[in-house]
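Comments concern the structure below.
The values are calculated or read from the model by the stated rules, or taken from the named source; none is laboratory data. Predicted model, so just to flag it, every value in this text is computed and none were measured. Don't worry about glycine lacking a Cβ; one is built from the backbone with ideal geometry, like all the others, and counts go over all protein chains shown.
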Amino acid sequence: MIIFAETKHNNKQMNKLIAPSILAADFANLQRDIEMVNNSEADWFHIDIMDGVFVPNISFGMPVLKAISKHATKTIDVHLMIVDPDRYIKTFAELGANILTVHYEACTHLHRTIQAIKAAGMKAGVALNPHTPIAVLEDVIADLDLVCIMSVNPGFGGQSFIENTYKKVAQLKHLIEFSESNCQIEIDGGVTDQNANALVEAGADVLVAGSFVFKSENPTATIANLKAL
């Protein structure tokens, strides 16, 4: 068992990646919002796929992802909040996903799922719900490209940030360094200009921002501000 230490890390702030969450976009003007992200300082598109079973909500599915992929010019980061994600791995690769993240809680054979994602030509990510400890990733961290720490309960946008997230980020950073993994740390939920710096200082590499970006008066400027913090 690895004993985790709570440590601070002097990451360069400008190295962080910003991934606007399309779940918070205006679905009636989706192409407009996609072009906004294309032309902004954002690094990735973060796309949540929900099935109404693993989480109590349903989001867009394959046809919408296909449409987004057609217009997106940046990395497509797909976050599956679904049961039995293995059934759709090849489909998401064909639809243009560059990174495919599955939930630890939804995968009975996590190592096999990770290998299937990589075999399909995508980077492999694993997401952890707020109640799931970092220690469950000890045996797979070396195989991962991304770990997504949920800083809200998955399923709905606009929730308040869970403060325990900082501790989990520091623990995960320690595990990554201990294991000599190249895995990136992504934070999903409640990210704003009020907690972005503290998350990066704790070890985060990628910040997912949904409502904070798309509900702002000037989303392009909001993205630029997050990037420059």
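Residue 217 fulfils the conditions (1) within 20 Å of residue 79 (Cα to Cα); (2) modelled with pLDDT of 95 or more; (3) surrounded by fewer than 22 Cβ atoms within 10 Å (Cβ to Cβ) except for a single criterion, (1). Within segment 60-106, being among the small types (Gly, Ala, Ser) and either in contact with a His (Cβ under 6 Å, 6 or more places away or on another chain) or more than 19 Å from residue 128 (Cα to Cα) (or both) holds for 61, 67, 69, 72, 93, 96, 97. Is it fair to say residue 123 is of a type in the set (Lys, Arg), closer than 21 Å to residue 15 by Cα and under 13 Å from the mean Cα position of the chain (by Cα)? Answer is yes for this residue. Kindly evaluate residue 55 against the criterion of being under 12 Å from residue 127 (Cβ atoms) and at pLDDT 95 or above. Answer is no for this residue.
Of 159, 171, all but one fail to be more than 15 Å from the chain's Cα centre (by Cα) and at pLDDT below 95; the exception is 159. Remark: residue 207 falls outside the filter, which requires a residue to be more than 14 Å from the chain's Cα centre (by Cα) and closer than 22 Å to residue 37 by Cα. Answer with yes or no whether residue 155 is crowded, with 22+ Cβ neighbours inside 10 Å, in contact (Cβ under 8 Å) with a residue 12 or more places away in the chain, under 30 Å from residue 33 (Cβ atoms) and not acidic (Asp, Glu). No. Take the conditions at pLDDT 95 or above and touching a Leu at 6+ places or on another chain (Cβ under 9 Å) and apply them to residue 194. Does it pass? Spelling it out, it is not the case that residue 194 is at pLDDT 95 or above and touching a Leu at 6+ places or on another chain (Cβ under 9 Å). Could you check segment 27-42 and list, in sequence order, the residues that are of a type in the set (Asp, Glu) and touching a strand residue (DSSP E or B) at 6+ places or on another chain (Cβ under 8 Å)? Hit for segment 27-42 is 41, nothing else.
Against the test of being over 25 Å from residue 224 (Cβ atoms) and either of a type in the set (Val, Ile, Thr) or within 18 Å of the chain's Cα centre (by Cα) (or both), the options 85, 56, 63 yield a single qualifying residue, 85. With respect to being out of contact with any helix residue (DSSP H, G or I) (no Cβ under 8 Å at 6 or more places or on another chain), surrounded by fewer than 22 Cβ atoms within 10 Å (Cβ to Cβ) and on the phi < 0 side of the Ramachandran plot, residue 164 fits the description.
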